Amino acid sequence: MRAGGTFTRAALLGEKAGFVVGCCDFTVQSVANATLAVAFAEFAGELLPVLAGHVRLLGILALGSLAILNWIGLKTGSRAQEITSSVKALGLIAVVIAAFTVSVKPGAAALLPDNSSFVHPHSIFLGLMLALQGVVVTYDGWYAPIYFVEEDTDPAKNLPRSMIGTALACIAIFLLVNAALYHVLHMDHLAGSQIPVMDAAMLLFGSYGKRIVLLIAVVGVISSANAGLMYTPRILFSMSRDGLLPRNVTSVNRGGTPSPALFLCAIVSITLVLSGSFDTLIAIGSILFVAVYLSGFASLLVLRRSEPDLARPYKAWWYPWSTVLVLLASAAFLLGSVIGDLKHSLFTAILVLLSYVVSIVIVREKSHDQV
């Protein structure tokens with residue numbers, strides 16, 4: 001098994017397809033890291049007013065600090081990930097428990113923002129697409145262990161366990177949090193709430209509720225950004241090893257970190273933070289998220305057919321129908337996203353086309369070098 005995640009799987013479709021998917025995956029993760037850094041800065045500014053108004057500076061400092069942390073070594077980054085993930089999960093579970101055991105504070109409703117001006121989407125279809133985009137982003141990351149497969153001593157056992165465990169944990173927390181929010185806020189307020197968790201916490205804990213949620217949010221986005229800076233460099237590492245990027249990108253330091261790839265990822269994400277075009281970046285990223293998923297599902301179908309004698313340490317339940325089903329569902333969601341946002345979809349298509357043109361040049365040069 002090889003590191004690189006979706007790029008490695010898409011390479012089964014050919015080097016050009018592998019390069020395009022690698023670029024898409026790298027773009028998605030870089031956009032996600034930049035967005036998380038900005039979210040950290042905004043939450044930190046809300047938590048500590050003295051930091052307000054310094055979003056870009058705080059975002060850059062967050063990404064730079066996490067890059068240095070992971071540059072020290074894989075163990076350091078992994079330990080930080082374990083701690084922050086645990087704190088985030090425990091914080092959310094604590095909010096859920098409080099929602100069902102703590103009575104709403106008298107007069108706390110006056111602290112909530114007025115949602116009467118909330119405008120519902122003009123169509124059910126658009127509203128459904130917006131909701132599904134949020135769900136996709138919520139669950140995204142369940143597949144992250146595939147990026148570290150070469151560093152796992154027993155991937156045949158640990159890979160399916162970690163991915164399935166991650167997905168189930170996300171499902172459990174997601175459903176529990178939503179049940180708690182519905183219990184506290186009820187649908188009339190929940191429908192128009194911008195930050196439902198914060199509104200629920202303010203009803204339960206008064207003015208301290210906002211600080212509690214902001215603290216959980218700060219830890220949560222730092223945890224996610226750290227994870228992104230751990231696995232995004234391995235996309236570039238894999239592409240470089242396959243000759244689709246300069247060879248020096250494969251350099252690994254003593255701590256097991258691909259240093260050039262790590263700092264390249266950090267620089268790209270910092271540049272995106274400085275750009276300030278977050279709405280556009282998020283819209284493009286949400287489309288590429290699903291496109292990358294599609295490449296993985298298609299690659300699995302190709303692998304099963306082209307390599308029938310490979311060891312199958314873990315059985316894919318109900319294959320091939322389970323894979324075909326999620327592939328069709330992803331294609332339908334991608335089509336819905338395109339219809340719902342033609343402007344950003346066209347821009348995304350242009351970026352993908354440009355990456356394919358670059359892949360033709362790179363693969364041609366690679367072929368000439370091998371002759």
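The values are calculated or read from the model by the stated rules, or taken from the named source; none is laboratory data. Just so we're clear, the structure is a prediction, and the values are computed from it rather than from any experiment. Note that each Cβ is placed from the backbone with ideal geometry, even for glycine, and that neighbours are counted across all protein chains shown. Accessible surface is based on the protein model in full, side chains and every heavy atom, while ligands, DNA and RNA are left aside. Shrake-Rupley method; radii C 1.70, N 1.55, O 1.52, S 1.80 Å.
Can you spot a residue in region 8-18 that is closer than 22 Å to Ala283 by Cα and either at pLDDT 90 or above or surrounded by fewer than 24 Cβ atoms within 10 Å (Cβ to Cβ) (or both)?
No, that holds for no residue.
All but one of (1) in contact with a Leu (Cβ under 9 Å, 6 or more places away or on another chain); (2) over 30 Å from Ala131 (Cβ atoms); (3) open to solvent by less than 60 Å² (accessible area, probe 1.4 Å) hold for Ser330; state the number of the condition that does not hold.
Every listed condition holds for Ser330 apart from (2).
For region 33-60, which residues satisfy the criterion of being over 20 Å from the mean Cα position of the chain (by Cα) and without any contact (Cβ under 8 Å) to a residue 40 or more places away in the chain?
Gly45, Leu48, Pro49, Val50, Leu51, Ala52, Gly53, His54, Val55, Leu57, Leu58
Residue check: is Leu229 part of a helix (DSSP H, G or I) and at pLDDT below 90?
no
Before we move on, is Phe237 under 30 Å from Ala67 (Cβ atoms), open to solvent by 50 Å² or more (accessible area, probe 1.4 Å) and either in contact (Cβ under 8 Å) with a residue 24 or more places away in the chain or in a loop (DSSP other than H, G, I, E, B) (or both)?
Against the criterion (under 30 Å from Ala67 (Cβ atoms), open to solvent by 50 Å² or more (accessible area, probe 1.4 Å) and either in contact (Cβ under 8 Å) with a residue 24 or more places away in the chain or in a loop (DSSP other than H, G, I, E, B) (or both)), Phe237 does not qualify.
Please determine whether any residue of region 304-312 is out of contact with any Phe, Trp or Tyr (no Cβ under 8 Å at 6 or more places or on another chain), of a type in the set (A, V, I, L, M, F, W, C) and either open to solvent by less than 40 Å² (accessible area, probe 1.4 Å) or at pLDDT 85 or above (or both).
no
Of the residues in region 142-187, how many are crowded, with 16+ Cβ neighbours inside 10 Å, of a type outside the set (A, V, I, L, M, F, W, C) and within 21 Å of the chain's Cα centre (by Cα)?
The number of residues fulfilling the criteria is 5.
Please list, ordered by first then second residue, the pairs with beta carbon atoms under 8 Å, 6 or more apart or interchain, first in region 139-153 and under 28 Å from Leu175 (Cα atoms) and among the β-branched types (Val, Ile, Thr), second at pLDDT 80 or above and assigned to a helix (DSSP H, G or I).
Ile146/Leu159; Ile146/Met163
Residues being touching a Lys or Arg at 6+ places or on another chain (Cβ under 9 Å), in a loop (DSSP other than H, G, I, E, B) and more than 25 Å from Val137 (Cα to Cα): count how many of those fall in region 249-303.
3
Can we say Val177 is among the hydrophobic types (A, V, I, L, M, F, W, C) and out of contact with any Leu (no Cβ under 8 Å at 6 or more places or on another chain)?
No; evaluated as a whole, the condition is false for this residue.
Counting just the residues of region 242-255 that are touching a residue at least 24 places away in the same chain (Cβ under 8 Å) and closer than 21 Å to Ser355 by Cβ, which one comes out least open to solvent (accessible area, probe 1.4 Å)?
Leu244
Mind checking which residues of region 22-53 are within 30 Å of Val302 (Cα to Cα) and open to solvent by 20 Å² or more (accessible area, probe 1.4 Å)?
Cys23, Phe26, Thr27, Ala32
How many of the residues in region 333-346 are surrounded by 15 or more Cβ atoms within 10 Å (Cβ to Cβ) and assigned to a helix (DSSP H, G or I)?
The number of residues fulfilling the criteria is 8.
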